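The values are calculated or read from the model by the stated rules, or taken from the named source; none is laboratory data. Being a predicted model, the structure only gives us computed values, none of them experimental. Ideal geometry is used to build each Cβ from the backbone, glycine not excepted, and the neighbour counts take in all protein chains shown.
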Amino acid sequence: MSLPIAEPAPNSDVYRTLLESTKAIPWRIDWKTMRFTYVGPQIEALLGWTQGSWATVEDWATRMHPDDRERVVNFCVAQSQAGTDHEADYRALTADGGYVWIRDVVHVVRKDGEVEALIGFMFDISARKATEEQLLKLQQELEALSYKDGLTGVANRRMFDTVFELEWAKARQNRQPLSVILADVDHFKEYNDHYGHLAGDDSLKLVAQALGSAAARARDFVARFGGEEFVIILPEADATAGRMIAERCRQAIADLAIPHAAIDGQLSISLGVGTLIPNAEDDPRRFLDQVDNALYAAKDNGRDRVESV
């Protein structure tokens, strides 16, 4: 059932033809009764609900996605009461149970200083929203890639810097231990010289995966520190736990049993591990230098071993 819109009689047919020939869906609500006095027939083609089923604003509100309803209804009521024209985007329920993204553009009609009616248009913006979501997803993927090492798939140095700063601050605030492991692939130059850089790249991928499996607690964090060097952040891990996980990492690489003919053996890693409960006097970069020194001690003491700060 189509209710007549309040317009001068001589022009009503012209207005109706113009309104109903557009893709936008015109509508009118009487403010006092909160009832629809007109909804364009296009509503049925878009949402499946007949014109006659749009009786009150309750029909509009209930045919809205539950996650959008409170926000949109409260906003539109507040703007209308203030006499302010406004727009609102939301997901409208279709008669077959689906949802269509709608933009409602609302004009507030006032008479003698009081709100008399709301007149507006519904626009189907589903295609626009789909494009926006694709762009957002692409942006998120690009952002994720900017924090991921392109070769190994683990986090990169940039991401490490961010996570290390956060975990350092959290450990200092909560007075909890923080352990960090630095790991370096032994004799990697010789490996590359003997097998080639593509094989070297493949071995780094395997090392990264094995380290990720060995340091597998919920907040353990593995990143490529540079070249053939990796770093692992172990929140809430004391010195004993840090040393144990470092040894597990060393063993995980040994278990890969990657041949290294250049040294007549197999690929291995050396690791340095340090632990502290940060306080105001501690410097995170100095701590990393200490862990790095432990790594080089592991190198100097024969490789394929763990040394602690």
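Residue pairs whose Cβ atoms lie under 8 Å apart, sitting 6 or more positions apart in sequence or on different chains, and linking a residue in segment 218-229 that is in the same structural domain as Glu165 (by TED's automatic domain parsing) and under 13 Å from Phe160 (Cα atoms) to a partner that is outside any loop (DSSP other than H, G, I, E, B) and aromatic (Phe, Trp, Tyr), are Phe221/Phe160; Val222/Phe230; Ala223/Phe160; Ala223/Phe230; Arg224/Phe230; Phe225/Phe160.
Filtering segment 170-205 to residues that are in contact with an Asp or Glu (Cβ under 8 Å, 6 or more places away or on another chain), acidic (Asp, Glu) and part of a helix (DSSP H, G or I) leaves nothing. When we screen Arg35, Arg71, Arg91 for residues that are buried (at least 19 other Cβ atoms within 10 Å of the Cβ) and basic (Lys, Arg), the only hit is Arg91. Does segment 153-169 contain any residue that is touching a strand residue (DSSP E or B) at 6+ places or on another chain (Cβ under 9 Å), assigned by TED's automatic domain parsing to the domain that holds Gly272 and part of a strand (DSSP E or B)? Checked against the condition, which is being touching a strand residue (DSSP E or B) at 6+ places or on another chain (Cβ under 9 Å), assigned by TED's automatic domain parsing to the domain that holds Gly272 and part of a strand (DSSP E or B), segment 153-169 yields at least one hit. Set side by side, the residues Leu267, Leu271 differ, and just one is touching a residue at least 12 places away in the same chain (Cβ under 8 Å) and under 20 Å from Leu178 (Cβ atoms), which is Leu271. Within segment 89-133, if we keep just the residues that are in a loop (DSSP other than H, G, I, E, B) and of a type in the set (Gly, Ala, Ser), the residue that is modelled with the lowest pLDDT turns out to be Gly113. Would it be correct to say that Glu281 is charged (D, E, K, R) and touching a strand residue (DSSP E or B) at 6+ places or on another chain (Cβ under 8 Å)? No.
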